[in-house]
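Here's the structure we're looking at; comments come further down.
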Amino acid sequence: MAIQLKRILVAKDLSKEASNVIRYALELAHKFGAEVHVLHVMPTVDHAVLNMVAISMGPDKLAKFNAENEAKLAEETRKQLNRILEEEKALGDFRLESEPTIEVHHGEAAPMILSVADRIDADLIILGSHSKGKLHYAFLGSVAEKILRQSQRAVFIVPPMVGD
């Protein structure tokens with residue numbers, strides 16, 4: 001049976017390695033005629049910090065402030081990811097059957113990535129790993145490790161600086 005990729009989920013932060021991970025996704029999408037879905041998960045603020053800020057600011061003002069800033073940050077993140085996608089498409093010879101989609105969500109990264117992968121029925125999840133200095137070879141990033149352990153889907157890990 002031949003490997004078929006119809007939907008690729010590339011979960012990406014905004015590190016300098018973002019373009020490498022997206023490059024792999026675009027290249028594989030080109031070769032397999034797959035759709036590319038780019039996901040960025042923005043971390044939520046710790047509850048203890050939110051409680052302290054709510055005490056000084058007031059819960060209603062904090063809720064309004066959070067909603068306004070989360071929307072602005074999500075839009076800026078979408079723009080950055082779109083720029084990375086456009087740069088990579090211009091650098092490579094990628095003929096994609098459809099334009100990549102971009103999603104930005106708030107939450108805990110690993111569960112959100114797995115949830116989006118299930119929702120879009122991804123055939124492959126592509127993630128970057130982060131260099132942790134001398135510990136790099138002993139541990140993957142905690143998100144990548146959680147995805148590898150919990151996913152029932154194929155997972156492709158791109159180490160830092162591969163493809164430069």
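Just a few scattered comments:
- Taking amide H positions as modeled 1.01 Å from N, with prolines and chain starts lacking one, the residues under 5 Å from Ile102 and 5 or more places away or on another chain are Val38.
- Per-residue Karplus couplings for segment 114-125, computed as 6.51 cos²θ - 1.76 cosθ + 1.60 with θ equal to phi - 60°, are listed in order as 5, 5, 5, 4, 5, 4, 8, 6, 5, 8, 8, 10 Hz, Gly and Pro entered as x.
- Karplus 3J(HN,Hα) series, Hz, for segment 142-151 with 6.51 cos²θ - 1.76 cosθ + 1.60 (x for Gly, Pro): 4, 5, 4, 5, 4, 5, 4, 6, 9, 7
- When Val38, Val143 are arranged by Cβ crowding within 10 Å, least crowded first, meaning fewest neighbours, the order is Val143, Val38.
Coordinate-derived values only; no laboratory data. Worth saying up front: this structure is predicted, and the values here are computed from it rather than measured. Glycine gets a Cβ as well: all are built from the backbone with ideal geometry, and neighbour counts include every protein chain shown.
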